[in-house]
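A.B. asks: Dropping the structure in here first, questions after.
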Amino acid sequence: MKRLGPTAAEDLLEIFVRRHETASTLITTNRPTQDWGQFLGDIPATTAILDRFLAHAEIIQMQGKSYRLHQRAQQSNGDAEGPKASRRGDA
């Protein structure tokens, strides 16, 4: 959501270079890898990042509605049912 700084791609590449073949790295994102070059603003650095990352990656794609919206719907339903007792058992 934020605009990244001018060295973001280089900084991220440095992390991947240091961790490549030595440590696990977990990335969560709502952006497809095809968009990373534009997002990071540096196509060559992005290519190097993805080359290292995808070499041994296990990609798990999740689909569904936003969990935040799910929580909000549950809160709305709970409010319609009236006040609930607190966790300590107080009325």
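What follows draws every value from the coordinates through simple rules; no lab data is involved. Just so it is clear, the model here is predicted, and its values are computed rather than measured. Cβ atoms come from the backbone with ideal geometry, glycine included; neighbour counts cover every protein chain shown.
A.B. asks: Considering the zone a paramagnetic label at residue 15 would reach in this model (a point 7 Å from Cα along the Cα-to-Cβ line), which residues of segment 46-61 have amide N under 18 Å from it?
C.D. replies: 46-60
A.B. asks: Please compute the net charge surrounding residue 18, taking Lys and Arg as +1 and Asp and Glu as -1 over other residues with Cβ under 14 Å from its Cβ.
C.D. replies: Neighbourhood net charge equals -2.
A.B. asks: Normalised by the empirical 2.2 N^0.38 Å for globular proteins, what value does the Cα Rg of segment 1-61 take?
C.D. replies: Rounded to two decimals, the normalised Rg is 1.08.
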